[in-house]
Amino acid sequence: MDLNLKNKKILVWGASQGIGLAVAKSFKAEGATVTVVSRSEEKLKKVCQENNLDHYIAADLSDVSSGVHSVEQAIKSMGHIDVFVINTGGPEKNSFENVKQSQWEIDFKSLWLTPCESLKKVLPKMKEQNFGRILLVSSIAAKEPLKDLTTSNGFRAGLTGLFKSMSNEYAEFGITFNILCPGYTNTERIQNLNLKQEVIESLVPAKRLGEPSELANLAAFLGSDKAAYITGQQICIDGGANKGF
Ligand SMILES: NC(=O)c1ccc[n+]([C@@H]2O[C@H](COP(=O)([O-])OP(=O)(O)OC[C@H]3O[C@@H](n4cnc5c(N)ncnc54)[C@H](OP(=O)(O)O)[C@@H]3O)[C@@H](O)[C@H]2O)c1
């Protein structure tokens, strides 16, 4: 299937490694122009060279103005944005009792406020061009709380409601809002947990970790004009880990 992404301009946040990088690579493989963002300029430079990605911008997405600036810079270098992939670093694990006010504030900015303020820079042009794709990398925690991922569980469930609301507001302008919920996915973040095979088997019916490319394939499809009638959806890429309907 030709996804018709060759002239499309893609901005992917949190893309110096892991899921974000896999998503950037999947759009690049379809011939799109891709800008990647993360905190480390050094890592970004390396992944751009290795994967032939077009532009990079170093920005800390827990800082609202820095995130908004990354969008403005991406618009400057690519002309406009057709697909905006919102992917920010995973929040720290803490039981409710141990979440400090500073963590609530940082995670609220990364997961919620920086994306919202940045969307205000992206959506007017998408409206004008009558095409836009907003993809949020969330988590299965948005559907079923994961132990001690307190801020992720709370904010991400709320973002599901927000995306549904925005999908209704923007559908008539050819702009779709969809959420990708990774389960246990083979990235540096999960590798650092050193999960034993028996633990993985107890959590995941498919009995293996997901590969970031498996989520990225879906992202490319949802970012294309083939997915024009799919909006307001939240899809798990999790080998069956989420047990809810
Ligand atoms: N992997 C999983 O199993 C899994 C499961 C459920 C949900 N998720 C969610 O999916 C998202 C991606 O996960 P991942 O496994 O790919 O994580 P990862 O391997 O830790 O990669 C995170 C990426 O985000 C960037 N980043 C982190 N904090 C940032 C910040 N404040 N500002 C800008 N960039 C930042 C990192 O680059 P720099 O260090 O260069 O900034 C890196 O490129 C996370 O939100 C995570 O919660 C992952």
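The values are calculated or read from the model by the stated rules, or taken from the named source; none is laboratory data. Keep in mind it's a predicted model, so treat the numbers as computed, not measured. Here Cβ is always computed from backbone atoms with ideal geometry, including for glycine, and neighbour counts include all displayed protein chains. We work out accessible area using only protein heavy atoms, side chains counted, and drop any ligands, DNA or RNA first. Shrake-Rupley method; radii C 1.70, N 1.55, O 1.52, S 1.80 Å.
Carbon and sulfur: what percent of the range 1-114's accessible surface (1.4 Å probe)?
46
If packing is taken as the mean number of other Cβ atoms within 10 Å per residue, what is the order of 230-242, 178-190, 119-131, highest first? Don't jump to the answer; show the numbers that get you there.
On the way: 230-242: 18.0, 178-190: 20.2, 119-131: 15.8.
Highest-to-lowest ranking by the protection proxy: 178-190, 230-242, 119-131.
So if I take the centroid of the Cα atoms in the range 38-85 and the same for the range 96-147, what is the distance between those two points in Å?
17
Using a 1.4 Å probe on the protein heavy atoms, what percent of the accessible area of the range 124-170 belongs to carbon and sulfur?
On the range 124-170, the fraction of accessible area on carbon and sulfur atoms equals 52 percent.
Could you tell me which of V204, A227, T187 has its Cα farthest along the dipole of the range 137-245 towards the positive end, charges placed at Cβ (Lys, Arg +1; Asp, Glu -1), taken about the Cα centre?
V204
Straight-line reach from K8: which lysines have Cα under 16 Å away, leaving out those fewer than 8 places along the same chain?
Once the sequence-local lysines are set aside, what remains near K8 is K25, K28, K76, K125, K127, K226.
Rolling a 1.4 angstrom probe over the protein heavy atoms, how many square angstrom per residue are accessible across the chain?
Heavy-atom accessible area per residue stands at 49 Å².
Do the sum for the chain: with -39,500 (n - 2.57) for every DSSP H run of n ≥ 4, divided by all residues, what is the mean residue ellipticity at 222 nm, to the nearest 500 deg cm²/dmol?
It lands at -13000 deg cm²/dmol.
Can you tell me the order of 155-168, 214-227 when each peptide is scored by its average per-residue count of other Cβ atoms within 10 angstrom, highest first?
Values: 155-168: 17.1, 214-227: 20.1.
The densest-packed peptide leads the list: 214-227, 155-168.
Might you report the magnitude of the Cβ-based charge dipole of the range 96-186 about its Cα centre, with Lys and Arg at +1 and Asp and Glu at -1, to the nearest 20 debye?
Dipole size: approximately 200 debye.
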